[in-house]
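Here is the structure we will look at, set down as structure tokens.
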């Protein structure tokens, strides 16, 4: 029974904010001490640790300030840095950007962007691509998306209208070893 309570505590800790976890921790320890006596303090302490672990593991990393170039570009060039996934309508992946296109030309930049792109061409990790579309800052997204992007450590988000593969990735054992 204590194992179920600890598992539930980890989930509750992950689903709530820090102040709620502090209140639940205090309540758990006090209830273990007051209502059940000293023999149950070990179980109460284990549940409190479960709450703390859940809260610690769910806290997204602090995102550094997004690069200045994000608001001024309409095209990006870089390498696909994750294995693309698909929902049947679009493919999603991270691109490590090294060049950005603007109305006046291109410029060398550095950063990572989470991309939602058309299914064709089907991309692989390591492909060098040009992407056309507006880039949005992570901070401008809703809280649910913001947390997801921060956990992936990306600087921005792009819904690409067009994709061109400039260079295919190396296939075979070298690609498997990289993953």
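Go through 123-135, 157-169 and give me the packing order, highest mean Cβ count within 10 Å leading.
123-135, 157-169
Length gained on full extension, residue 140 to residue 71: 23.7 nm, using 0.36 nm per residue less the C-alpha separation.
When a/c reaches 1.5 or more, the comparison of a/b and b/c decides; with that in mind, is the range 68-178 rounded, prolate or oblate per its Cα gyration tensor? Present the calculation step by step, with values, prior to reporting the outcome.
On the way: a/c = 1.59, a/b = 1.22, b/c = 1.31.
Oblate shape, in that a/c is at least 1.5 and b/c is the bigger or equal ratio.
Distance between the modelled labels on residue 152 and residue 170, one decimal in nanometres: 2.6 nm (7 Å Cα→Cβ projection). Highest mean first, the peptides 140-147, 101-108, 42-49 sorted by other C-beta atoms within 10 Å per residue fall in the order 42-49, 140-147, 101-108. With both labels modelled 7 Å from their Cα along Cα-to-Cβ, the residue 85 to residue 102 distance reads 3.4 nm.
With both labels modelled 7 Å from their Cα along Cα-to-Cβ, the residue 116 to residue 159 distance reads 0.6 nm.
Laboratory data are not the source of any read-out in this text; all were calculated from the coordinates shown. These numbers come from a predicted model, not from an experiment. Counting neighbours? That spans all protein chains shown, and the Cβs are built from the backbone with ideal geometry, glycine included.
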